[in-house]
Amino acid sequence: MIEPRPLNPTPTREVPLPRAPLTRVIAQARFPPILTIRDPDKVAVLQEPLRETYPNLSQNQVHNIEVLSGQAPNVRQDLIWRLTDREKDYRWRVSLGVDFVALETSSYDSRSDFLSRLYAVVCAVEQAFGPASATRLGLRYIDRLTDEAVDRVGEMIQPKVLGIIQARENPNSTLGESVINLMTEAQFLTQGDTRVLGRWGLLPPNTTYDPDVLEPVGNSSWILDLDMFATESQPFASDGLLTAATGFAEYLYWLFRQMVTDEFLRFYGGKP
């Protein structure tokens, strides 16, 4: 078996897409548990520098079930603070738990805007709680093609990515014509301690593989979900985390461009 080679990205000119099909962008940093995050007075210190941008504060109780071999399931209740830009139908949300902070949006405008918002969130956490380290850093982009784009997916996604549903010149029937659900999952080797987890393919109506971030829709859709993460501990320092996240964004954009065609860029208003 041939040993896998790390991806070798090259600098890629960013092509703005006025109608980009990004349905969700998420960044998350995990850190060793800080139990004072459960204290509303402590969270107030974090809220203050973010309150103008994310004025709505709420808390959610979530249940995590841990199953260990030969033992009864252990149900743990955790508190997650949410800060959003709107009381309802939020476009931006900050989530803070005892061991993580995340920024997510369904209204992505640009890489620079997202990274500047991420920097502000990480700075607020650093100043309020001073985590000792970031045990994991991740950045995830989820594109969703719908309606006409699904019908034209053969023009917009590279054939090797499409697999058996790619367009064929052969007029004879192919397996791809019978596919109603096809999701590919691949983990890419990168440099150092980072990896990219990719999921892509065709989803039937009213289904999802990750209900926390991808809501079902009424029609078939084609998904491109790229998640880059590092699991080696690093200092929880806002400047260093921003540098790492910026590198992730550039890396994922290069990979995205390897998987889509120029027709994809044109379809969504870009100029290749």
Item to check | Matching entry among SER106, SER69, SER95 (being modelled with pLDDT of 95 or more and over 13 Å from VAL121 (Cα atoms)) | outcome: SER106
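Yes or no: segment 27-48 includes at least one residue that is open to solvent by 60 Å² or more (accessible area, probe 1.4 Å), outside any strand (DSSP E or B) and touching a strand residue (DSSP E or B) at 6+ places or on another chain (Cβ under 7 Å). Outline the logic, then answer.
Looking only at segment 27-48, we keep the residues that are open to solvent by 60 Å² or more (accessible area, probe 1.4 Å), and these are 30, 33, 35-36, 38, 40-42, 45, 48.
Pick out the ones that are also outside any strand (DSSP E or B) and you get 33, 35-36, 38, 40-42, 45, 48.
Retained after the next criterion (residues that are touching a strand residue (DSSP E or B) at 6+ places or on another chain (Cβ under 7 Å)): 38.
There is at least one residue in segment 27-48 that is open to solvent by 60 Å² or more (accessible area, probe 1.4 Å), outside any strand (DSSP E or B) and touching a strand residue (DSSP E or B) at 6+ places or on another chain (Cβ under 7 Å).
Please go through segment 90-103 and give me each residue that is part of a loop (DSSP other than H, G, I, E, B) and under 19 Å from the mean Cα position of the chain (by Cα), ordered by number. Don't jump to the end; show me each part of the working.
Our first condition is that a residue be part of a loop (DSSP other than H, G, I, E, B); within segment 90-103, this holds for 90-91, 98-99.
If the condition is that a residue be part of a loop (DSSP other than H, G, I, E, B) and under 19 Å from the mean Cα position of the chain (by Cα), then TYR90, ARG91, ASP99 are the ones that fit.
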Next on the checklist: Tally up the residues in segment 223-263 that are part of a helix (DSSP H, G or I), touching a Gly at 6+ places or on another chain (Cβ under 9 Å) and open to solvent by 30 Å² or more (accessible area, probe 1.4 Å), please.
Outcome noted: 1
Checklist entry - Got at least one residue in segment 137-146 being more than 22 Å from PHE31 (Cα to Cα), of a type in the set (Asp, Glu) and touching a Leu at 6+ places or on another chain (Cβ under 7 Å)? => result yes
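The values are calculated or read from the model by the stated rules, or taken from the named source; none is laboratory data. As the structure is a computational prediction, the values presented were derived from the model and not from experiment. Backbone-built Cβ (ideal geometry, glycine too); neighbour counts: all protein chains shown. Remember, those area values only see protein heavy atoms, side chains included, never the ligands or the DNA or RNA. Shrake-Rupley method; radii C 1.70, N 1.55, O 1.52, S 1.80 Å.
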